[in-house]
1. Can you run down the residue pairs with Cβ atoms below 7 Å, 6 or more apart or on separate chains, where the first is in the range 13-40 and over 16 Å from L62 (Cβ atoms) and the partner is open to solvent by 40 Å² or more (accessible area, probe 1.4 Å) and within 6 Å of the ligand (Cβ to nearest atom)?
2. Select from the range 196-237 the residues that are out of contact with any strand residue (DSSP E or B) (no Cβ under 8 Å at 6 or more places or on another chain) and of a type in the set (D, E, K, R) and write down the one among them that is least open to solvent (accessible area, probe 1.4 Å).
3. Out of R24, R74, R50, R46, I need the residue that is among the basic types (K, R) and under 20 Å from Y183 (Cα atoms). Which one?
4. Mind checking which residues of the range 39-92 are open to solvent by 10 Å² or more (accessible area, probe 1.4 Å) and aromatic (F, W, Y)?
5. Open to solvent by 60 Å² or more (accessible area, probe 1.4 Å) and part of a helix (DSSP H, G or I), is that true of R104?
6. Tell me, which strands (runs of 3 or more DSSP E) wholly within the range 118-237 include 3 or more residues that are within 14 Å of the ligand (Cβ to nearest atom) and touching a residue at least 40 places away in the same chain (Cβ under 8 Å)?
7. Tell me, yes or no, whether the range 51-70 has at least one residue that is more than 13 Å from the ligand (Cβ to nearest atom), assigned to a loop (DSSP other than H, G, I, E, B) and small (G, A, S).
8. Take the residues of the range 1-43 that are part of a loop (DSSP other than H, G, I, E, B) and basic (K, R): which is nearest to the ligand (Cβ to nearest atom)?
Amino acid sequence: MTAVSTVVLTGAGISRESGLETFRDLGGVWSQVRLEEVATPAAFARDPARVQAFYNARRRQLRDPAIQPNAAHRALARLEQALGDSLLLVTQNVDDLHERGGSRDVVHMHGELFKARCTACTAVVPWHDDLDAGSRCPQCARPGRLRPHVVWFGEIPHALERIFEALSGCTRFVSIGTSGSVYPAAGFVAAASEAGAATLELNLEPSAGSRRFGEVRHGPATALVPAWVDRLLQGGG
Ligand code: APR
């Protein structure tokens, strides 16, 4: 297994120019609905139909042909082609725009909108349609036991061991389009710095964690990310 030299973390900001809202910007998702009502295990236990409706709406939006990967997603796919296994791409996003932009190995630490998980048999299955009480698990055939395969607040994100293993040995950590508000992702820059890695933030504006980065560049992801990847692939920093 090749050692990971470069860890890239993305957040909702990288998908903003594809037409998906972010969470904490003006008009963002959490200004439209309280996360306590739709993105916690307690919310799902209290009112599963309301939680399913929230994710059904986001799944429908993601199926809209108008929502396409952008130049930032495509640039990271070029980076993966050049770096191979020495790149680890971690996303907080549950959309599939990195994959549709050409990335093949994407670590979705907060899960994926186009997957469902059975609370009876724990199967994780592709799921692009609405989920409701009548939805049957393709594995165990039980109805009404499928939930979004999305990590809710209070649940443990996926692949943390693999991520922190990569951070402990990387020489470069780049954070793209995230407000640095939610742990453990917001703590990745500290782990990379401890490993002696160069740290770079590419974001529309200063994030909550900007001061923890060795370098920050502000602007839209579709401008910053291709420029950074092109310079890196030409031997720059
Ligand atoms: N280009 C680059 N950055 C952008 C752009 C853009 N076009 N538009 C917005 N941003 C930046 C904003 O400045 C902000 O710092 O993207 C960031 C988005 O922050 P959030 O809305 O907090 O999204 P994110 O950081 O991904 O949230 C983390 O919180 O709600 C949970 O699970 C959810 O994965 C999400 C996590």
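1. Matching pairs, first to second residue: G13/L204; R24/S179; R24/S181; W30/F23; W30/R24.
2. Here the answer is D230.
3. Numbers: R74 fails: under 20 Å from Y183 (Cα atoms); R50 fails: under 20 Å from Y183 (Cα atoms); R46 fails: under 20 Å from Y183 (Cα atoms).
So the residue among R24, R74, R50, R46 that is among the basic types (K, R) and under 20 Å from Y183 (Cα atoms) is R24.
4. F44, F54
5. Considered against the rule, which asks whether it is open to solvent by 60 Å² or more (accessible area, probe 1.4 Å) and part of a helix (DSSP H, G or I), R104 comes out as no.
6. Output list reads 172-176.
7. yes
8. If we filter the range 1-43 for residues that are part of a loop (DSSP other than H, G, I, E, B), which is where we start, we get 1-5, 11-12, 17-28, 33-34, 39-40.
Of the ones still in play, those that are also basic (K, R) are 24, 34.
On the way: R24: 4, R34: 12 Å.
By that ranking, first place goes to R24.
The values are calculated or read from the model by the stated rules, or taken from the named source; none is laboratory data. These numbers come from a predicted model, not from an experiment. When we count neighbours, we look across all protein chains shown, and the Cβ atoms used for this are built from the backbone with ideal geometry, even at glycine. Just the protein is used for accessible areas: all its heavy atoms, side chains included, with ligands, DNA and RNA removed. Shrake-Rupley method; radii C 1.70, N 1.55, O 1.52, S 1.80 Å.
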